[in-house]
Amino acid sequence: VSMMLAVARTWHFHFMQWNIAGSNHMLSMLEISLESSTRRSSTLKRRRIRLVDHLQTLGINVSETEARDLPSSLDEYQAYYGYSPRIIGAEEYCQGQLGGAKMRLAPAGLFNTGTNLLAQLLEKNCKVSTYEEEPTYWMVPWGKHSFAYSWGKRTAKNYEEVYISEVLPVVAVRDPYEWMNAMCRNPYVVAWGDEEHEKSEPFHGDGAYTCPLLVDPDTNETVPVMVGKEEKVKLPSLAHYWNDWNRGYVEVTEGPRLMVRLEDLVMYPKEVVTTLCDCAGGDPIEDMQFLAQSAKEANSYGHGKELTGALKAWQRLASRMKDPTAFLPQDATFARSSLSQDLMQLFGYQHPLLEGEELS
């Protein structure tokens with residue numbers, strides 16, 4: 001009995017040691033877990049701060065509420081649209097044909113591509129000594145939303161005295177999927193989606209007829225668009241409008257031109273403006289000014305609603321990344337097959353995943 005009691009006391013002692021050790025181990029593991037969690041939280045916080053800091057360098061102060069609608073990190077955005085701006089024509093013209101000539105930068109672009117934002121960034125931040133009074137134009141002389149074939153063939157009001165040889169067009173381009181969503185919000189003089197499109201009635205979708213309505217859900221036929229008021233242009237679909245308009249400027253032969261993405265104007269405004277200004281033989285302002293508010297309060301030349309404040313543009317890009325499959329299946333499938341693949345590659349855009357697809 002004494003031996004049994006001794007053994008029992010020994011086992012109890014070892015059990016207590018093990019239990020204490022086990023508790024200490026669990027506590028240690030919990031501390032490690034909490035420390036790891038704290039590190040992860042700190043890392044996430046630092047990543048968010050880096051993005052907010054980037055915006056603050058552009059003069060955009062972001063509240064905690066607003067930050068929730070932004071990409072979780074700068075890297076997340078860059079992984080989607082690229083780690084540096086794409087400026088089509090920069091190598092060909094800025095480092096070659098123009099040879100430092102003094103020219104006036106003049107924006108062009110489809111509706112809803114940020115042409116007003118581009119114009120204001122250039123106006124505020126680029127000076128050309130030869131043209132001190134008006135170093136940049138609000139738009140190209142033939143009209144900023146006109147097709148490239150209008151180059152030199154028509155003249156917009158108040159641009160009758162402009163020498164086209166002094167103009168360096170800068171064409172704004174936008175991710176076609178986000179652009180189509182923007183056209184749904186504000187179609188301007190583009191009409192589609194009803195029997196009255198010949199009268200340029202704007203589209204207002206509801207029910208099954210959800211914008212961008214590339215394909216009629218009842219007939220499965222492509223929905224054509226009508227562009228313009230007096231001089232109307234009919235195109236097979238909204239996707240074809242994006243293709244044809246942008247391809248015209250990619251292939252234009254009338255003179256030099258540069259093409260920039262709206263996404264880069266939002267993400268890398270300093271780099272983009274500096275490149276454009278240098279290309280035109282100008283001098284970028286050292287302490288650049290970047291637009292944070294909406295264009296509704298901006299220059300009266302423009303459409304107003306077209307120029308989104310930089311913060312709102314960031315939030316919309318974040319929404320695009322979080323929910324890239326917002327189109328109805330028939331529209332998403334049609335867009336993928338109809339949007340020009342060579343233009344998508346040239347501008348660095350990607351198609352959203354179709355339903356059931358996974359990242360490779």
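The values are calculated or read from the model by the stated rules, or taken from the named source; none is laboratory data. Bear in mind the structure is a predicted one, so any value in this text is a computation, not a measurement. Ideal geometry is used to build each Cβ from the backbone, glycine not excepted, and the neighbour counts take in all protein chains shown. Areas reflect the complete protein model, heavy atoms only, side chains present, ligands, DNA and RNA absent. Shrake-Rupley method; radii C 1.70, N 1.55, O 1.52, S 1.80 Å.
General observations
- Cut-off 13 Å between beta-carbons: net charge of the residues surrounding Glu286, Lys and Arg +1, Asp and Glu -1: +1
- Added length on full extension, which subtracts the Cα-Cα distance from 0.36 nm per residue, Asp342 to Asp69: 95.1 nm
- FRET E, pair Lys232, Thr155, Förster distance 22 Å, beta-carbon r, rounded to 0.05: 0.65
- Computed over the stretch 156-197, the Cα gyration tensor eigenvalues convert (square root of 5λ each) into semi-axes of 31, 17, 7 Å, ordered from largest to smallest.
- Residue-level accessible surface for Met103, protein heavy atoms, 1.4 Å, Å²: 10
- Fully extending the segment from Asn61 to Ser165, taken as 0.36 nm per residue of separation minus the present Cα-Cα distance, adds 33.4 nm.
- Order by protection proxy (mean Cβ within 10 Å, highest first), peptides 255-262, 172-179, 345-352, 328-335: 172-179, 255-262, 328-335, 345-352
- Computed extension length for Ile285-Thr219: 18.2 nm, one decimal, from 0.36 nm per residue of separation with the Cα-Cα distance subtracted.
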